[in-house]
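Data block below; observations after.
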Amino acid sequence: MTTRDDHNTGNPPRKAAARPHGRAVIARGLLAAVALAGLAGCESAKGFRPGCPNVGVLRDAGTYRVPGADGATFATAVINPPAALCEYSDDGVTIATTFTISARATAGFDGTVPVDYFVAVTDPQRNVIAKQVFSTAIRMDGGSGAVGEETEQFIPAPRTVDARYYEVLVGFQLPPEQVETNRQVNQGR
């Protein structure tokens, strides 16, 4: 079995730093070509090395506005970017995903905020091939709190399939009106 860190998580990459000019560019280019040639030789000896699926938060399902008794929002929960490890076996790939759900409520609120979230797996054409819904409670202390979650997903596929073209998406299980609110808030971002 092969275990690999998933480097396809988190926020979009930042802009690259200013590029060097002249000999430094040529030297780096030559060094990169030599390194790739060396790695190509190693890779052919080891065979195909598949990647991990992309893992992230579904944009319009990443925020949950918790309604209070009067209907107004009394707490807001957010799913933070997940981290993942994948492990290949002869019959597929297992993805272990960890993430934190944090929440803020009206000042001084002590109690729990129940939330439902989902973990979905999509194929390379972005069709949902599996989805599970989970429930958890965020323990609040003085108006804020967080809970860590761990899930495991399995994609049945032969070793020759590269799982990096699949996605594991996390989000809150929201009513349609909250999805629409999130969509409107996210439009300007």
Could you list all residues from the stretch 109-168 that are part of a loop (DSSP other than H, G, I, E, B) and among the polar types (S, T, N, Q)?
-> 125, 127, 160
Every pair of residues 6+ apart whose Cβ atoms lie under 8 Å, when the first sits in the stretch 103-123 and is closer than 30 Å to residue 155 by Cβ and assigned by TED's automatic domain parsing to the domain that holds residue 58 while the second is of a type outside the set (Ser, Thr, Tyr) and not in a strand (DSSP E or B) | 116/173; 117/173; 118/61; 118/173; 120/58; 121/53
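The values are calculated or read from the model by the stated rules, or taken from the named source; none is laboratory data. Computed from a predicted model, the values in this text were never measured in an experiment. No Cβ is skipped: glycine too gets one built from the backbone with ideal geometry, and neighbour counts run over all protein chains shown.
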